[in-house]
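The structure under discussion appears below in the form of structure tokens.
Nothing in this text is a laboratory measurement; each read-out follows from the coordinates by a stated rule. Keep in mind it's a predicted model, so treat the numbers as computed, not measured. Cβ sites come from the backbone with ideal geometry, for glycine too, and all protein chains shown count toward neighbours.
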Amino acid sequence: MANNTSGLKGVETEAWVTVQKKTFTKWMNAHLRKKGFPGIEQAEEEFETGVNLMNLINALYGIEIPKHNKAPKMRPHKLDNISLALNMVEQAQVKTNFLKAVHLVDKDLKMILGMIWAIILDFQIKGISVEEMTAKEGLLLWCQKKTAGYRDVKVDNFSTSWKDGLAFCALIHRHRPDLLNFDSLSKDNAAHNLRLAFDIAEEQLGIPKLLDVEDLTDSPRPDERSVMTYVSEYFHCFASQDIKEKAARRIQKFVQFNQTIEQMQSDYETQVQGLLDWIEQSTQKMHDRHFTDSYEDAKDYFDGFRGYLCQEKPLQAGKKLDLESLYASIQTKLQVYGRTPYQVPHSFSTDTIDGAWGNLEQAERARGIAVRDNMYRFITKATSSISEDQLREFEASFAHFDKDGSGYLDRIEFKAALSALSIPFKDEETFSKLFLSISQGHAQKISKEQFMNYMISISEDKDTPDQIKASFQLLADQGTSITTQQLRIPPLQENEIGYLGDKMPRGPQYDYNSYVDQCFS
């Protein structure tokens, strides 16, 4: 009986080693080939010279590869290379614990897999956390939030929760519902669900297929590290999309504001032309002095003039007041939002309308009455505010990571809380500067008030030139100009993208900076 148990454990051990080796190798090759380095086929064999480890660290962290022996044959030369490679690992600040050069040259697969896992944790989970448990917790919370409400999906871990494939499908459907029909899926068809999710992720989202369907279906407890590595690819893909969608929403509001203003200006000019046409015709009628001697004609003329004063003219006077209000509203909106004032054509200006109206009242002579009310100004500003649901989400994230209930978050807790809210960081230096800024120079902790104020500040749309430019820059992948394809980020609509294409100065690409400057005073 004891021998059977020992044999079973050996099979399980062999299974996780095989899956990790395959998954980690795919992950490394995806990054190596992006930088033009050759891929790795056998992880335990191909680190013995140190060359592939140097290539991997260079591909991931950009650390320069030192001068080394490119094809060492003898063990001492291989050890020298590996020492150089491990120095690069140390420069990247990756903690490999007990790893030594001899583990690589002696092809110790389990130690090599541990080294690769340490690199994956540092690089792949960067922006989620630096500590494994906190990283796992932050990533797990993100998965739980994104899959909440999906039928038969309950993400409790990075192993069995993913076996039936529905969790992967739910992550995809949550962000891209156009790519699959979740309601048509059944938890009893795990292989189909997994194959569907893996294919869509690779072909439509650019997520490398790090796992095979059999890695989950054929194991009672799939390898946690392999699943976590693959799921983190979904996090980075969709967290980036969330940021771009927020930028796209800001641009959408910017476009919609401009479209509204231009429609108001068009309505103003059309209505002004109609009013001026009426004034000109009415003025000509007022100059008509062809009276007859009959009482009936005189009465008809009197009644007609009375009808003009009591019915026709007041209606047009109301339209004139509405136009003044519309003009004031246009200029006020532009001023409140810091935009360039409306340069109305002189033929449609309020001075032109007033002059024509004055000539009409002179033509009416003593029988005319002038009604002039104060210009009605409607000032409106669509304020951007944080919803109650967002505030509750911020508070829940703070409470979740405030483990000791102190009312403060330390550095690790703060980073994990932000990661759970889909806010990653490109490097530790950026995070440290932000932490000191929010904590007002306190290097150890951040209060709940400071945390909430920060979340509100980055979530609120301010509609400033800098924020609009920053949103364009994000969609342009940090470029100073943008293409039509880069603008195709939901929720921007095709008509809004077309509008921008018509309005923005164009060279090889669109100059969004100049356009934004034109729109703000």
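The table for this structure:
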read-out	value
Charge sum, other residues only, whose C-beta stays under 14 Å from SER514's C-beta, Lys/Arg counted +1 and Asp/Glu -1	+1
Estimated [θ] at 222 nm from DSSP helical runs (n ≥ 4, -39500 (n - 2.57)) normalised by residues in the chain, nearest 500	-20500 deg cm²/dmol
Segments 504-510, 324-330, 245-251 sorted - mean Cβ within 10 Å per residue, highest first	245-251, 324-330, 504-510
Whole-number percent relative contact order across the chain, with pairs defined as alpha carbons under 8 Å at least 6 apart	14
Highest to lowest packing among 146-157, 60-71, scored as the average C-beta count within 10 Å	146-157, 60-71
The chain: angle of helix 465-475 to the longest principal axis, Cα-based, in degrees nearest 10	50
Ordering of 162-173, 405-416 by burial proxy (mean other Cβ atoms within 10 Å per residue, highest first)	162-173, 405-416
Net length gained if the chain between ASN157 and GLN467 were fully extended (0.36 nm per residue, minus Cα distance)	107.8 nm
Label-point separation, GLU203 to TYR342 (7 Å along Cα→Cβ), nm	5.1
Cα gyration tensor shape for the chain, rounded if a/c is under 1.5, else prolate or oblate	prolate
Potential extension, GLU14-GLU494 segment - 0.36 nm per residue separation minus Cα distance	167.5 nm
Virtual spin-label span in nm between ALA363 and SER437, 7 Å along Cα→Cβ	6.4
The stretch 132-222: relative contact order as a whole-number percent, Cα under 8 Å and 6+ apart	24
Average Cα contact separation per residue, the stretch 388-459, under 8 Å, 6 or more apart, as relative contact order %	34
Using alpha-carbon coordinates, inclination of helix 350-364 to the longest axis of the chain, degrees	20
Cβ-defined net charge surrounding SER349, 15 Å radius [Lys, Arg +1; Asp, Glu -1]	-3
0 to 90° range, to nearest 10: angle between helix 313-336 axis and the chain longest Cα axis	30
Theoretical gain in end-to-end length, THR430 to ASP277 [0.36 nm per residue, Cα-Cα removed]	48.8 nm
Environment charge at ALA201 (Cβ cut-off 9 Å; Lys +1, Arg +1, Asp -1, Glu -1)	-3
